[in-house]
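A.B. asks: I'd like to ask some things about the structure below.
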Amino acid sequence: MKFENSLKYAQSLDAQDVLSKYRSEFNFPKVNGKQVIYFTGNSLGLQPKRAVEYVNEVMKDWAELAVEGHFYADKPWWDYHERFSEPLSKIVGAKPIEVTVMNTLTVNLHLLMATFYRPTVKKFKILCEEKAFPSDQYLIQTQVKFHGLDPKETIVEVKRRPGEHNFRTEDILSKIEEVGDELALVLIGGLNYYTGQVLDMKNITKKAHDYQAYVGWDLAHAAGNIELKLHEWGADFAAWCSYKYMNSGPGNASGCFIHEKHHNNKDLVRLGGWWGHNKERRFLMEPEYEPIAGAHGWQISNLPILSLAPYLASVEMFEEVGMEKLIAKRDLITSYLEFILKEIASEVGGDFEIITPENPKERASQLSVLLHGEGRALFDYLMKEGVIVDWREPNVIRLAPVPFYTSFEDMYHFGQILKKYLQK
Ligand SMILES: *Cc1c(COP(=O)(O)O)cnc(C)c1O
């Protein structure tokens, strides 16, 4: 595609965009009275207007029905979470019985590790990526210590090659081979939060299974952003937060995937609670724990319905649009942003480098820009100009155009604002 760096051209792309009508379904913050250019949907997605309705509905049911809302609300609370199974299963490429919503992301990874990380003397190592998202590092370190093991001898990190910004699949695969039968678990971010690199989840899963290791994916930046085929790839488990690309609201509930092949395995340990117990017999308060067949069988507590309400509104928007259209726009708008960045650099110079892979198959909506000069000053300038970007130490700005609500015109205006700064 031959792009042009002009307002007219950007507007023509918006005119052809089948998702353009969704932009007005989101609330945008303002800076100096002007709607911002929002690049941080990978950190906290914008508020869908429908979310407000969904929350109000629960507030109303609570006021009018109180405890009776569990069974008699329009959307009864006792099985409210089941409404997510169908739409979420399409987002992550799973069967509806393999997904559920509960807790928050890191908490879910801990719970899933309780099931899938059962180290023995011979099989105990965990493979992860170097410089993983801090929460994942703390998760793995503390799990290892919980089992009385030494993190230094137990955690194996895949590294980037010197001078390179991204992981090579062959290096991950050969690391798995190297650890071999001692490998108990692979737990990696499927889409790297720092660089925006998408990993080859299919082949990494396959290779780890050659050594009878379990494979779990942290999909914080992947869910609602890339095509996932968790069932087909045979991933053992996965979890994601819903407040990034899934637009569910700050700190909101996580989603999890547990592959069908594990649902009836009674030898797998799980940490139980009454919401994971046989639904028909839940209120009989029997002493014998009988987990539900399927991912809901990993539930513990009755669910925070006020949190699930905006998440449900968002998931239904995904259902309405479908991942295919979101991905098509994602690729186009990300390439357009890349083009704009390169145009500006060639017009006025700019001491920066895009460290996200160039190959559209290895990236999604995020471009990470490494600033070689005084990066922090550019960040402060952009924020002041109403361009909301994300700063990551030591010197990376992350830009994530979100197909639901970012316009091509936003990309053009961003380019002009950036150019003004670089010309100085
Ligand atoms: C955003 C993110 C988290 C956040 O975890 P919470 O438990 O929701 O606070 C964890 N891991 C990765 C890779 C992330 O990108």
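A.B. asks: Residues that are under 25 Å from the mean Cα position of the chain (by Cα): list the strands (runs of 3 or more DSSP E) wholly contained in the range 322-420 that include at least 3 such residues. So that I can check it myself, show each step before the final result.
C.D. replies: Values: elements: 352-354, 367-371, 390-392, 396-399.
It comes to 367-371, 390-392, 396-399.
A.B. asks: Of the conditions (1) under 30 Å from residue 88 (Cβ atoms); (2) among the β-branched types (Val, Ile, Thr); (3) without any contact (Cβ under 8 Å) to a residue 60 or more places away in the chain, residue 333 clears all except one; give me its number.
C.D. replies: The single condition residue 333 does not satisfy is (3).
A.B. asks: Looking at (1) of a type outside the set (Ser, Thr, Tyr); (2) within 16 Å of the ligand (Cβ to nearest atom); (3) closer than 20 Å to residue 235 by Cα, find the lone condition where residue 137 falls short.
C.D. replies: (3) is the only condition that residue 137 fails.
A.B. asks: Further question on the same structure: So which residues in the range 75-100 are of a type in the set (A, V, I, L, M) and more than 16 Å from the ligand (Cβ to nearest atom), if there are any at all? I'd like the intermediate steps shown before the answer.
C.D. replies: We begin by selecting, within the range 75-100, every residue of a type in the set (A, V, I, L, M); these are 88, 91-92, 94, 97, 99.
Matches in the range 75-100: 88, 91, 94, 97, 99.
A.B. asks: Out of 223, 208, which single residue is under 18 Å from residue 132 (Cβ atoms) and either surrounded by fewer than 19 Cβ atoms within 10 Å (Cβ to Cβ) or in contact with a Gly (Cβ under 7 Å, 6 or more places away or on another chain) (or both)?
C.D. replies: Matching residue, one of 223, 208: 223.
A.B. asks: Quickly run through the range 276-321 and pick out the residues that are of a type in the set (D, E, K, R), part of a loop (DSSP other than H, G, I, E, B) and surrounded by 12 or more Cβ atoms within 10 Å (Cβ to Cβ).
C.D. replies: 290
A.B. asks: With the structure loaded, tell me whether residue 218 is free of Cβ contacts under 8 Å to residues at least 24 places away in the same chain and under 27 Å from residue 367 (Cβ atoms) or whether it fails that test. Explain how you work it out, then say what you get.
C.D. replies: On the way: free of Cβ contacts under 8 Å to residues at least 24 places away in the same chain: no; under 27 Å from residue 367 (Cβ atoms): yes.
Taking the combined requirement at face value, the residue does not satisfy it.
A.B. asks: A further question follows. From 170, 157, 178, grab the single residue that is among the charged types (D, E, K, R) and either closer than 22 Å to residue 238 by Cβ or in contact with a Lys or Arg (Cβ under 8 Å, 6 or more places away or on another chain) (or both). Show your work before the answer.
C.D. replies: Working: 170 fails: either closer than 22 Å to residue 238 by Cβ or in contact with a Lys or Arg (Cβ under 8 Å, 6 or more places away or on another chain) (or both); 178 fails: either closer than 22 Å to residue 238 by Cβ or in contact with a Lys or Arg (Cβ under 8 Å, 6 or more places away or on another chain) (or both).
Just one listed residue meets the conditions, 157.
A.B. asks: Turning to a different aspect of this structure: Which residues, taken from the range 101-115, are over 16 Å from residue 217 (Cβ atoms) and away from the ligand (no atom under 12 Å from the Cβ)? Working first, answer last.
C.D. replies: First, the residues of the range 101-115 that are over 16 Å from residue 217 (Cβ atoms): 101-104, 107, 114.
Those that are over 16 Å from residue 217 (Cβ atoms) and away from the ligand (no atom under 12 Å from the Cβ): 101, 102, 114.
A.B. asks: Somewhere in the range 382-399, is a residue in the same structural domain as residue 332 (by TED's automatic domain parsing), modelled with pLDDT under 95 and of a type in the set (Asp, Glu)?
C.D. replies: Checked against the condition, which is being in the same structural domain as residue 332 (by TED's automatic domain parsing), modelled with pLDDT under 95 and of a type in the set (Asp, Glu), the range 382-399 yields at least one hit.
A.B. asks: Could you figure out which of (1) surrounded by 18 or more Cβ atoms within 10 Å (Cβ to Cβ); (2) in a helix (DSSP H, G or I); (3) within 16 Å of the ligand (Cβ to nearest atom) isn't true of residue 195?
C.D. replies: (2)
A.B. asks: Please determine whether any residue of the range 102-124 is surrounded by 13 or more Cβ atoms within 10 Å (Cβ to Cβ), among the basic types (Lys, Arg) and not in a strand (DSSP E or B). Before the answer, list the steps.
C.D. replies: Filtering the range 102-124 for residues surrounded by 13 or more Cβ atoms within 10 Å (Cβ to Cβ) gives 102-119, 123-124.
Retained after the next criterion (residues that are among the basic types (Lys, Arg)): 118, 123.
Filter again for not in a strand (DSSP E or B), leaving 118, 123.
Looking through the range 102-124, at least one residue is surrounded by 13 or more Cβ atoms within 10 Å (Cβ to Cβ), among the basic types (Lys, Arg) and not in a strand (DSSP E or B).
A.B. asks: Which of the residues that make up the range 336-354 are more than 24 Å from residue 166 (Cα to Cα), touching a residue at least 12 places away in the same chain (Cβ under 8 Å) and exposed (fewer than 14 other Cβ atoms within 10 Å of the Cβ)?
C.D. replies: Passing the criteria: 347, 349.
A.B. asks: So which residues in the range 23-41 are out of contact with any Leu (no Cβ under 9 Å at 6 or more places or on another chain) and assigned to a loop (DSSP other than H, G, I, E, B), if there are any at all?
C.D. replies: Correct list: 32, 33, 36, 41.
A.B. asks: For residue 148, which of the numbered conditions (1) free of Cβ contacts under 8 Å to residues at least 60 places away in the same chain; (2) at positive phi; (3) within 16 Å of the ligand (Cβ to nearest atom) fails to hold?
C.D. replies: Condition (3) is where residue 148 drops out.
The values are calculated or read from the model by the stated rules, or taken from the named source; none is laboratory data. Computed from a predicted structure; not experimentally measured. All Cβ positions, glycine included, derive from the backbone under ideal geometry; neighbour counts span all protein chains shown.
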